[in-house]
1. Using a 10 angstrom cutoff on alpha carbons, build the Gaussian network for the chain and name the most mobile of 86, 256, 135.
2. Let me know the shape class of region 47-177, please: from the alpha-carbon gyration tensor, a ≥ b ≥ c as square roots of the eigenvalues, rounded when a/c is under 1.5, otherwise prolate if a/b is greater than b/c, or oblate.
3. Output the peptides 78-85, 232-239, 138-145 sorted from most to least packed, where packing is the average of other Cβ atoms within 10 Å over each peptide's residues.
4. Under the definition of Cα pairs under 8 Å and six or more residues apart, what whole-number percent is the relative contact order of region 134-285?
5. Multiplying the sequence separation of residue 22 and residue 75 by 0.36 nm and subtracting their Cα-Cα distance, what value in nm do you get?
6. Could you point to the label whose value was computed as P(r) over Cα pairs in 10 Å bins from 0, in percent for the structure here, given [x] 6, 21, 25, 21, 13, 7, 4, 2, 1, 0; [y] 5, 21, 23, 16, 13, 12, 8, 2, 0; [z] 6, 26, 33, 23, 10, 2, 0?
7. Counting only C-alpha contacts under 8 Å and six or more residues apart, can you give the relative contact order of the chain as a whole percent?
8. Just order 102-112, 279-289, 184-194 by mean Cβ neighbour count inside 10 Å, highest at the front, would you?
């Protein structure tokens, strides 16, 4: 009798509790120290983007004519009133950098959202479409990818007109083929699996197969691509702003700030150094975070 009691209680003692999906994700993500550092830097810039107007000491367009090209506080002639100095029009550099984070993150969010949503839909349709339609879609994507991305964005902005909105539209169009190809490749791999065959036999329609059955299992590489595209969108928007085809003055966008200050590069190093550092640190942090997402979401990279 006692042996039977012991046998019935044993499974409860040795029962293994599997960690939740979120805990498992954080375990693999946190193994990459660079990704964790990048995440905290990214969150810091996101905080500045959300609460920038409340944190900035001055309005980013306010001009202090008595303090034109004033150096940072640690240099001779600098003061704590303008910790990072002022630009050629006497505007506070710190306030413009803080508010510039809002524009850069807005560009990243809009570009990735538009490019990913359109690319996912086209990629799903291509993966489930007849071969002739699939071929036509992919050849169009190949033609778009044949052009250098920044050059194609410049052409589109030149057609639409220079502005931040048109720059975001152009960058999103340039990025879309990457999501189409990635989604299509994932769909073709998933279509051959048993769970898709079972859903098809059970009577699931094509829309349900695409968006409910297959798409959730294709999201891992798309999320990683989205993180990397976020940083590239910030870089391209800054490049277009620097060339005068993106955000227009007096918008405190980092690329536009570089364009306005390039002729003062030798006289006032801070007007180009700080916007450049802001772009560098933000893009590096997002790329590091993207590497961590890849490690956490790709089952092939997980160690047993």
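1. In this elastic network of the chain, the residue with the biggest mean-square fluctuation among 86, 256, 135 is 135.
2. Numbers: a/c = 4.23, a/b = 2.88, b/c = 1.47.
It is prolate, given that a/c is not under 1.5 and a/b is the larger ratio.
3. Details: 78-85: 16.4, 232-239: 24.6, 138-145: 14.0.
With the highest mean Cβ count within 10 Å placed first, the list reads 232-239, 78-85, 138-145.
4. Details: 133 pairs, mean separation 34.6, N = 152.
Computed over region 134-285, the figure is 23 percent.
5. Details: separation 53, 0.36 × 53 = 19.08 nm, distance 4.78 nm.
Taking 0.36 nm per residue and subtracting the Cα distance, the gain is 14.3 nm.
6. Checked against the structure: label [x].
7. Details: 423 pairs, mean separation 74.6, N = 304.
Computed value for the chain: 25 percent relative contact order.
8. Details: 102-112: 22.3, 279-289: 20.2, 184-194: 15.6.
Taking the mean over residues of other Cβ atoms within 10 Å, the ranking is 102-112, 279-289, 184-194.
The numbers here are math on the coordinates, done by the rules we state, and not lab data. Keep in mind the model is a prediction, meaning the values are calculated, not measured. Counting neighbours? That spans all protein chains shown, and the Cβs are built from the backbone with ideal geometry, glycine included.
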